[in-house]
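Data first, discussion second: the structure below is written as structure tokens.
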Amino acid sequence: MGKPRFFRWFRVIPLIFVIGISAVVLFVHLSQDKQIAKTFYPVPYAKIIKQASQKYGVDPYLVCAVIKCESNWNKDAKSQAGAVGLMQLLPDTAQHMANKGLISSKTYPYQDLFNPRNNIEYGVAYLAYLQSQLSSRDEVVAAYNAGPGKVQEWKHGSDDPIHKNITYAETSIYLANVNQTYEIYKHLYPDGIDS
């Protein structure tokens, strides 16, 4: 009997997550005082994000949404998979980007991804790289989570939007979460992330 109960809870967890995110979205949209909502959706590294976003042509609201969803602005975050820092980058990915000449490892050492400046630079450069390979923001976000090869596999032979073809529950939830968070940041900071 223990296993069926576990599996019921396992199926309910994503639903609880989505309901929780929806409640936060509703709170933010109904909040009369944006300053209160901004405490839940801060932009601690606005200047760094803005500079990197302009340099690589990436939407700064997307960068904020990815950081919020990846690490909740914890510069010391480390995942079980080995992803580190604000944007939860894998050191191998950062090294690969530096080796390809997409970013200067002398200016931004990939060995120091816990440094917010370095992490944001690599994360935004990686988003720009994904943008150059893919055709929509949803594809970029899904690729940031699951990898560009998996997104290409999901797109293969389909004209449907990527969210209809994703086979990983984690990536589906991640995409929905980033998109909701993106809209919240746009709502809270209509004049730019540094406002």
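The values are calculated or read from the model by the stated rules, or taken from the named source; none is laboratory data. Note that the structure is a prediction, hence the values are computed from the model and not measured. A quick note on method: Cβ atoms are made from the backbone with ideal geometry, for glycine too, and the neighbour counts reach across all protein chains shown.
For the reader, a short list of remarks on this structure follows.
- Counting only helices (runs of 4 or more DSSP H) that sit wholly inside the range 81-195, those with at least 2 residues that are modelled with pLDDT under 95 and over 21 Å from residue 57 (Cα atoms) are 148-155, 169-188.
- Among the residues of the range 138-195, those that are of a type in the set (Phe, Trp, Tyr) and in contact with a Ser or Thr (Cβ under 9 Å, 6 or more places away or on another chain) comprise 154, 189.
- Close Cβ contacts (under 6 Å, 6 or more residues apart or on different chains) running from residues in the range 29-41 that are within 19 Å of residue 179 (Cβ to Cβ) to residues that are at pLDDT below 65 and hydroxyl-bearing (Ser, Thr, Tyr) comprise 37/31.
- Meets criteria (over 25 Å from residue 183 (Cα atoms), hydrophobic (A, V, I, L, M, F, W, C), without any contact (Cβ under 8 Å) to a residue 60 or more places away in the chain and out of contact with any Ser or Thr (no Cβ under 7 Å at 6 or more places or on another chain)) for residue 103: yes
- Residues (in a loop (DSSP other than H, G, I, E, B) and either hydroxyl-bearing (Ser, Thr, Tyr) or over 21 Å from residue 174 (Cα atoms) (or both)) located in the range 57-78: 57
- Residues satisfying the stated conditions in the range 85-98, i.e. hydrophobic (A, V, I, L, M, F, W, C) and either at positive phi or within 13 Å of the chain's Cα centre (by Cα) (or both): 86, 87, 89
- Yes/no for residue 168 being crowded, with 19+ Cβ neighbours inside 10 Å and aromatic (Phe, Trp, Tyr): no
- Within the option set 54, 35, being modelled with pLDDT of 95 or more and in a helix (DSSP H, G or I) holds for one residue only, 54.
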